[in-house]
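The values are calculated or read from the model by the stated rules, or taken from the named source; none is laboratory data. Quick caveat, the model's predicted, so the values are computed rather than measured. Positions of Cβ are backbone-derived with ideal geometry, glycine not excepted, and every protein chain shown enters the neighbour counts. These area figures cover heavy atoms from the full protein model, side chains too; ligands, DNA and RNA do not enter into them. Shrake-Rupley method; radii C 1.70, N 1.55, O 1.52, S 1.80 Å.
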2 protein chains.
Amino acid sequence: MDAMPHVEFRTSPARYKHWRLAADGPVATVTMDVDEQGGLVPGYELKLNSYDLGVDIELYDAIQRLRFEHPEVKTVVLTSGKDRMFCAGANIRMLAAASHPWKVNFCKFTNETRNGIEDATANSGQTYIAALNGTASGGGYELALACEQILLVDDRSSVVSLPELPLLGVLPGTGGLTRVVDKRHVRRDLADYFSTKSEGIGGKKAVQWKLVDEIVPRVRWDEIVSERSRGSASTSARLPGGPGIELTALDKVRTEDSISYEHVAARLDRDRAVAAITVTGPSATVLPTTGPPSMADVYAQGAAFWSLAVARELDDLILDLRTNEIEIGTWTFETAGSADRVLACDELLLANYDTDWLAREIVLYLKRTLKRLDVTSRSLIALIKPGSCFAGSLLELAFAADRSYMLTGVFEEEDREADPATITIGPMNLGPLPMGNDLTRLRTRFLGDPDALAAVEKTAGERLEAEEAEQLGLVTFAPDDIDWDEEVRIAVEERASFSPDALTGLEANYRFAGPETIETKIFGRLTAWQNWIFYRPNASGPDGALRAYGTGKRADFDRKRV
Amino acid sequence: MDAMPHVEFRTSPARYKHWRLAADGPVATVTMDVDEQGGLVPGYELKLNSYDLGVDIELYDAIQRLRFEHPEVKTVVLTSGKDRMFCAGANIRMLAAASHPWKVNFCKFTNETRNGIEDATANSGQTYIAALNGTASGGGYELALACEQILLVDDRSSVVSLPELPLLGVLPGTGGLTRVVDKRHVRRDLADYFSTKSEGIGGKKAVQWKLVDEIVPRVRWDEIVSERSRGSASTSARLPGGPGIELTALDKVRTEDSISYEHVAARLDRDRAVAAITVTGPSATVLPTTGPPSMADVYAQGAAFWSLAVARELDDLILDLRTNEIEIGTWTFETAGSADRVLACDELLLANYDTDWLAREIVLYLKRTLKRLDVTSRSLIALIKPGSCFAGSLLELAFAADRSYMLTGVFEEEDREADPATITIGPMNLGPLPMGNDLTRLRTRFLGDPDALAAVEKTAGERLEAEEAEQLGLVTFAPDDIDWDEEVRIAVEERASFSPDALTGLEANYRFAGPETIETKIFGRLTAWQNWIFYRPNASGPDGALRAYGTGKRADFDRKRV
């Protein structure tokens, strides 16, 4: 598995191998029933409801569809189709055989999916309940930890456990360590004991230690799960509405050196290790030209509505490039189109955010997609040129970037009559699209400098040309026509010459100035330690615990404490 | 340098090779003037005021002495004795040759020392000013970042820089990335540019970007540095007092299998990979038996006063074991003595914390020493038995531990007449000794459970036996005589059987539940990424950037982005 297979993230329920999705009024049940032979890559069997990236891609798809296609659903019950086994976690054979980048990418995606579960619970009124009808071990328990409530069957054999450390010499890296103490408030010394006890904990002690919320005898299982899920649904803040919007198949064309969707395209320059991404703004027909725009227009267009389509296309592109193009270390972002229309779409969504489920879902999806960028281990550079539409939601691409270049004036030889590029702060930049640290990208940018932030906020709605944007601190550099090519070229080439590892570390630190949350702790503290552990021979060497597991051999550790 | 040399942390100004300490009334000047030939280990020259662990050990000693031996000092000017070079950072040849554990340990200690500089500024009224009379590069600039003000000479050649990423393929890992954005609030995109520009930034732009506070022409250098330092001293909140307390040489005996001081001793069991540490409480003569105890008693005893002596001994022991005994993965903590006298010492110090500089310094030193434990990559287990004195400041050892075992009842065969062990919450547990996350260990322990915390606080001053302590959540387990040996043995043996790397990661996550601060971000996010990068071939492999630097060879990177 050193040569990583090409992975496609697009799927749909009809193609699921591992999950069943059943909506029954306000309660949906998502049942994990992994096909042992359905691994994404040959070489392992997905026994005991263990999962690989393919299983998680389906879960991600199911969660997305619940939000858009099932607006009536207020509670999602996550359970297992196997007997006495909820989920045994990530498949060990798969992990043991996987390359380091694959492991890291796999964990990042699974973490994002679990954060998406919490986002649905917190912001979308779709509350997740883990109905552990059998043992939840390792990543299986971590999946449960992402839910709002955890019910565990009380049958003297079903337990929750985090056996990664004692059995595999790695961490529960899908949020487990962070959520145990920071979300569920398990006492740290009990958490320590729990995470070294491979056989897990069930019964009353699991409740006393706060590892689960409730234990339920098997005879009352169905009744209690139903009661809890209806109870949760009855207090849900889900906005009313329905029917849903179908997430139709994304129109995607992939060639050797390009990936294209309707509004998003990437040119892959492998020699320079750059993906040049262009996002096109809404067409003139996105909203009616006469009369005020309304959500009826959005419902009519469904998945084709620009904001939603762009979120989906960007989402898929990010995942594709991250997984399949790991030697392309820099992504540049350009936009093309009408800033007014971007702002009009933004405005329509925000005007209905508090009352319309679909408006809210689209905004939340934009938020999650942009968050993916923040944790992407690629250098991000925004290039702001004439004809672009970096405004509101699309301006977030520039704020997510590690650097931005904005052309002062125009390209004299190309089109001397063009209007100079502008950027526009809109309401989407001032709150609805926070980063994982719970601050907007603007607040993170101007951390500790409230005056600069206030000055920027005051310009909302104004078209800012390069010089002003630079003075306000909204773009990094504002070269003119004469310097542009050289400056941008150097930035991109330099990036390709630096250590990819050091860039990943640098960006992971600078992007997350300011406070930390459970989410940023998972991607920062927990993931960074896990990546180190994954790379060490004690886990992944020929005698490491991850590779020794199941072979009958004992791991041979270098005992030095580092 | 794969075989790590034995390192001794005890030193004194008379033995400094690399620093000069000059106190002049309220202003002290600490001058870095590194002896090129004075490296701790053969094989490199400490050119351009670059440093190794030996240089930093002296700096740490100087900082400690300023606090205790120079209470009159309110401002400390950190400057260089070299021409046009403040400090070139950590020595690259040293780093390139160092083993992974050595690198990590080195960074941890230097980080703690820089945090100590900030602690002196924030809590002790000794404000640090970096007077950069030449270039401050890499770790040199990171040292400046730990200071409250940074002055840079404006001479068209002196700059500040973080060239680690472009030149060495590693991070500025001594707090640099965190302090640039989180402390100095340099905008993240400017920080990104700055950290990829190996030649650094000086002059006005360094001020505009907030990299330094002020640039000063060379002709006015002495005058302005003097003005700023006197100005800072005049507004210092340093408590009045003097003369200082001499930090006399620590009495330490090290044998093959033990390290002993007056109040602290460690038995090293290499077979079981355990250091059994015992801290002895104050003797009967520590405070007068008649009349109320007063700070006069403390001044009379000086460095021999129990609380200060224990802080120093523990501090040295932690550093010694961390650096010299890296295969000893578990430390157990026991105490012996009178809980009343521990609490009496605590009380005396806290009663005078707001008015007496020495009382405050001792408490702050206890705090820093306990913080070292929190970031120590060893499993910590507290063993609470009859005859122990886990009360107040010493009880923090149990709260810092990953787990604690407290004997219920007594050892029947050993001494059936003994009093059962008790623990006592004192005022030291309720505020003055916070962790790096700014919460007390008790608050971190009971995160999200204010009722449990309140119940514990209510017991302050009470002697709590094992059962009650366990019910209150203050100890992990309370086995009786029959189970004790077996339970403790299993805990210790298990620990020795686990992956040392995974334990380090587990502990680094569970110990820091709750909020993150600049300090915890440095030890969590930044350090964890740096450790990963340090371990990757792109930095430390035969063709890695760290090893290629200065050889004329170009680093050969695996270009995969992870």
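When we screen A:SER307, A:SER283 for residues that are farther than 20 Å from A:GLU58 by Cα and either in contact with a Cys (Cβ under 7 Å, 6 or more places away or on another chain) or in a strand (DSSP E or B) (or both), the only hit is A:SER307. You will find that of A:VAL298, A:VAL274, the residue that is among the hydrophobic types (A, V, I, L, M, F, W, C) and within 14 Å of chain B (Cβ to nearest Cβ) is A:VAL274 and no other.
Within the option set A:GLY473, A:GLY514, being within 12 Å of chain B (Cβ to nearest Cβ), crowded, with 16+ Cβ neighbours inside 10 Å and out of contact with any Leu (no Cβ under 8 Å at 6 or more places or on another chain) holds for one residue only, A:GLY473. Within the stretch A:3-47, being charged (D, E, K, R) and either surrounded by 13 or more Cβ atoms within 10 Å (Cβ to Cβ) or closer than 17 Å to A:ASN91 by Cα (or both) holds for A:GLU8, A:ARG10, A:LYS17, A:ARG20, A:ASP33, A:ASP35, A:GLU36, A:GLU45, A:LYS47. Does A:ILE215 satisfy being crowded, with 19+ Cβ neighbours inside 10 Å, among the hydrophobic types (A, V, I, L, M, F, W, C) and more than 14 Å from chain B (Cβ to nearest Cβ)? Yes.
Restricting attention to the stretch B:535-557 and to residues that are more than 21 Å from B:ASN91 (Cβ to Cβ) and either facing chain A (nearest Cβ under 7 Å) or at pLDDT 95 or above (or both), the residue that is farthest from the chain's Cα centre (by Cα) turns out to be B:PHE557. Of the residues that make up the stretch A:22-35, is at least one free of Cβ contacts under 8 Å to residues at least 60 places away in the same chain and under 17 Å from the mean Cα position of the chain (by Cα)? No: the stretch A:22-35 contains no residue that is free of Cβ contacts under 8 Å to residues at least 60 places away in the same chain and under 17 Å from the mean Cα position of the chain (by Cα). If only residues of the stretch B:269-288 that are farther than 18 Å from B:ALA398 by Cα and polar (S, T, N, Q) are counted, the one that is modelled with the lowest pLDDT is B:THR285. The combined condition, being in a helix (DSSP H, G or I), over 23 Å from B:GLY231 (Cβ atoms) and among the β-branched types (Val, Ile, Thr), is fulfilled by B:THR110.
Within the stretch B:101-123, residues that are closer than 18 Å to B:PRO172 by Cβ and more than 14 Å from every other protein chain (Cβ to nearest Cβ) have Cβ atoms under 6 Å from residues that are open to solvent by 10 Å² or more (accessible area, probe 1.4 Å) and in a helix (DSSP H, G or I) in these pairs: B:THR113/B:TYR60; B:ASN115/B:GLU519, counting only partners at least 6 apart in sequence or on another chain. Can you say whether B:GLU487 is over 22 Å from B:ASN429 (Cβ atoms), over 26 Å from the mean Cα position of the chain (by Cα), of a type in the set (Asp, Glu) and surrounded by fewer than 21 Cβ atoms within 10 Å (Cβ to Cβ), as far as the supplied structure shows? Against the criterion (over 22 Å from B:ASN429 (Cβ atoms), over 26 Å from the mean Cα position of the chain (by Cα), of a type in the set (Asp, Glu) and surrounded by fewer than 21 Cβ atoms within 10 Å (Cβ to Cβ)), B:GLU487 qualifies.
Contact list please: Cβ distance under 9 Å, first residue in the stretch A:142-159 and over 13 Å from A:THR127 (Cα atoms), second residue modelled with pLDDT under 95 and open to solvent by less than 10 Å² (accessible area, probe 1.4 Å), pairs at least six apart or on different chains. Filtered contacts from the stretch A:142-159: A:GLU142/A:GLY173. The requirement of being in contact (Cβ under 8 Å) with a residue 40 or more places away in the chain and in contact with a Cys (Cβ under 7 Å, 6 or more places away or on another chain) is fulfilled nowhere in the stretch B:84-94; no residue meets it. The residues of the stretch A:490-507 that are of a type outside the set (A, V, I, L, M, F, W, C), surrounded by fewer than 18 Cβ atoms within 10 Å (Cβ to Cβ) and within 11 Å of another protein chain (Cβ to nearest Cβ), listed by number, are A:GLU494, A:SER497.
Within the stretch B:3-28, track down each residue that is acidic (Asp, Glu) and more than 19 Å from B:GLN126 (Cβ to Cβ). The answer is B:GLU8, and nothing else. Just one residue in the set A:ALA359, A:ALA400, A:ALA391 is surrounded by fewer than 24 Cβ atoms within 10 Å (Cβ to Cβ) and farther than 24 Å from A:ARG270 by Cβ; that residue is A:ALA359. Taking the numbered list (1) at the interface with chain B (Cβ under 10 Å from one of its Cβ atoms); (2) within 28 Å of B:VAL492 (Cβ to Cβ) in turn, A:PRO163 passes all entries but (1). On the stretch given as the stretch B:223-258, residues that are over 26 Å from B:VAL298 (Cα atoms) and either in contact with a helix residue (DSSP H, G or I) (Cβ under 6 Å, 6 or more places away or on another chain) or of a type in the set (A, V, I, L, M) (or both) total 3. Scanning the stretch B:248-275 for residues that are closer than 19 Å to B:VAL7 by Cβ and hydrophobic (A, V, I, L, M, F, W, C) yields B:ALA249, B:LEU250, B:VAL253, B:ILE259, B:VAL264, B:ALA266, B:LEU268, B:ALA275.
Of all residues in the stretch A:186-207, those satisfying the criterion of being of a type in the set (Gly, Ala, Ser) and in contact with a helix residue (DSSP H, G or I) (Cβ under 7 Å, 6 or more places away or on another chain) are A:ALA191, A:SER195, A:SER198.
Inspection of the stretch B:477-495 finds a residue satisfying the criterion of being in a helix (DSSP H, G or I), at pLDDT 95 or above and small (Gly, Ala, Ser). Residues in the stretch B:447-469 that are open to solvent by 40 Å² or more (accessible area, probe 1.4 Å), away from chain A (no Cβ under 12 Å) and not aliphatic (A, V, I, L, M): B:GLU457, B:LYS458, B:GLY461, B:GLU462, B:ARG463, B:GLU465, B:GLU467, B:GLU468.
Residue-wise test of (1) crowded, with 22+ Cβ neighbours inside 10 Å; (2) part of a helix (DSSP H, G or I); (3) of a type in the set (Asp, Glu); (4) within 24 Å of the chain's Cα centre (by Cα).
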residue	(1), (2), (3), (4)
A:VAL279	yes, no, no, yes
A:ASP297	no, yes, yes, no
A:GLN301	no, yes, no, no
A:ARG312	yes, yes, no, yes
